[in-house]
Amino acid sequence: MLWWRKSKNFLRKDIEPDEIFLDSTNLPGFDRGIFEGRLEAPISRHSPYLIFALFVLGLLVFVFRLIDLQVVQGADFRRYADSNRLVRVRLPAERGLIYDRNGRELSWNEPNTRAYFSKSGLSHVLGYVSYPDEIPPDVSPQAKIGKDGIEKLYDELLRGQDGSRLIEEDVKGNVVSESTEFHPKHGEDVTLTIDGELQSKFFSIIERVVRERGFLAGSGVIVDPTTGEILAVTSDPEFSSQVLANNSPPEVLKSYFTDERKPFFFRALEGLYSPGSTFKPVIALAALSENIIDPVSEILSTGSIRIPNPYDPQNPTIFYDWKAHGFVNMWRALAVSSNVYFYTIGGGFEGQKGVGVYKIIEYAKKLGLGERVGLEFSEEKGLLPTPEWKEKNQPADPIWRVGDTYNLSIGQGMIQATPIQMARLVSTIATGGAMPRLHIVKDGSADHAVVEVGISKDAFRVVREGMRQAVQYGTATALSGLGVEVAGKTGTTEIGSGKEVNSWFIGFLPYENPRLAIAVVLERGSASNFIGAPFVAREIISWILANQREYIE
């Protein structure tokens, strides 16, 4: 055995380590667990190639998987990723409410829509809300905005500011987290000077008289002349705020747009009418202020005046009174509404000088005609015609004649005014020359704002007395016997051939301490009808006396 090993080692050039330690397995004390007594074998030369091949294989698997995720399934995973991002949710602001002067809700919020006071007569004032035709930058597509009336005029204030909440969702739509980004700022409330009950009653009276007496339409205004607060301003016909806010069927909306009476037309502010004899107080104030006539001086009314025609002496121009009144002074002329008296002091006749067209226009402007009252609603200016205006606008008959001044002196012809202007006019007469700033929203700063018109108190006193006598024995006796002293002036203006008329009334009460001023006009009724605007005024005053005496006490 030993010889074999020796001969084997002899044949080798070097001694292998395992030959040196060959018998180490027989030695005691080796710990095999820590590789004592073990020899290290060299790594195979094929191992690096195997490792490299495994690395390349792993890299290829990674690349193929990346292509699958990014290219093959990329669009799907992008959709999943998009659905997993943050979502901003609108927190709608609560729209502010609209109240009347007594704290009654006229417009408020319900779960599915804006709600409005159920009684009629308020739609032109309140307006309505609806989805915007073009979405403003600060308005959510889901939000409704004011489209007319107070809802539109005060939309930004009523609407407030929406808030927002950020919500994080996973790809399955589950909410992962959420947080409020901005809290909504609820809209502010708006309080009107309007009395909702009074306005609704006023409207119902006008609507009934229009329907029963064959008028086309009507409107009316009630004002506190001492503060300028508008207590009622209504127009018949009207639309329904609730119908328009509820996105009603197209046929319902079409009925509004095809109605020849134009229910969207706010006649109290946009309607232009010749004021007729309700303009005569303006002529009286101008004549007294310009010393054209003393109020006690009398003029004879035989039923007409005749102006010679230089081109045809046999055919003079005749201007009629509505009846022969005999001798009348200014008080009586206002009471019985004598046309001849006002023809004479307005345009002059025989030996009596007249105020003349330019002075008439000057005083009409002082009393607020020919200019907007100043409400934020759409409003017409009216028209105060002058010779220059006629020359420019009526080329077929451009010359201003004395007959034009006569017609102007009784509120006929080219002159036009709105009911709201006439309400301000009669308020100014009621206060003796202090023109109130009319307003419809309670804002504090506007209360009791007045402008002195610069006409003497004595002139106003005469006109007020003449209007009181109109109720006592003249054309406005429909307003007598009510239990409160009323002063007023009626007016009737012919339309076209004269078969149709507009019926006017302006007045104030109580006479000694005016608290209410009223203007009413009923449009296009039969000339043979004797029930008109004075009857409407009587009805609403009677209702106030029975239900809201606080307005006159």
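The values are calculated or read from the model by the stated rules, or taken from the named source; none is laboratory data. Bear in mind the structure is a predicted one, so any value in this text is a computation, not a measurement. When we count neighbours, we look across all protein chains shown, and the Cβ atoms used for this are built from the backbone with ideal geometry, even at glycine.
Observations
- The listed residues are 220, 326, and the only one of them that is assigned by TED's automatic domain parsing to the domain that holds residue 496 and surrounded by fewer than 22 Cβ atoms within 10 Å (Cβ to Cβ) turns out to be 326.
- Each residue in the stretch 489-529 was checked for being touching a strand residue (DSSP E or B) at 6+ places or on another chain (Cβ under 6 Å) and not in a strand (DSSP E or B), and 3 of them qualify.
- Checking each residue in the stretch 391-404 for being crowded, with 17+ Cβ neighbours inside 10 Å and more than 24 Å from residue 340 (Cβ to Cβ) picks out no residue at all.
- Selection over the stretch 230-239 of residues that are outside any loop (DSSP other than H, G, I, E, B) and surrounded by fewer than 24 Cβ atoms within 10 Å (Cβ to Cβ) gives a count of 0.
- From the list 365, 381, the lone residue that is surrounded by fewer than 17 Cβ atoms within 10 Å (Cβ to Cβ), of a type in the set (Lys, Arg) and farther than 29 Å from residue 291 by Cα is 381.
- Helices (runs of 4 or more DSSP H) fully within the stretch 385-455 that include at least 2 residues being farther than 20 Å from residue 223 by Cβ and at pLDDT 95 or above: 387-393, 402-409.
- Only listed residue being buried (at least 24 other Cβ atoms within 10 Å of the Cβ) and either in contact (Cβ under 8 Å) with a residue 12 or more places away in the chain or not assigned by TED's automatic domain parsing to the domain that holds residue 203 (or both), chosen from 527, 487: 487
- Taking the numbered list (1) modelled with pLDDT of 95 or more; (2) closer than 30 Å to residue 216 by Cα; (3) of a type in the set (S, T, N, Q) in turn, residue 528 passes all entries but (1).
- Every residue from the stretch 452-474 that is among the aromatic types (Phe, Trp, Tyr) and surrounded by fewer than 20 Cβ atoms within 10 Å (Cβ to Cβ): 473
- Residue selected from the stretch 154-192 under the condition assigned to a strand (DSSP E or B) and modelled with pLDDT of 90 or more, by the criterion farthest from residue 95 (Cα to Cα): 192
- Entirely in the stretch 242-312, the helices (runs of 4 or more DSSP H) that have 3 or more residues that are assigned by TED's automatic domain parsing to the domain that holds residue 418 and farther than 16 Å from residue 343 by Cα: 250-258, 267-270
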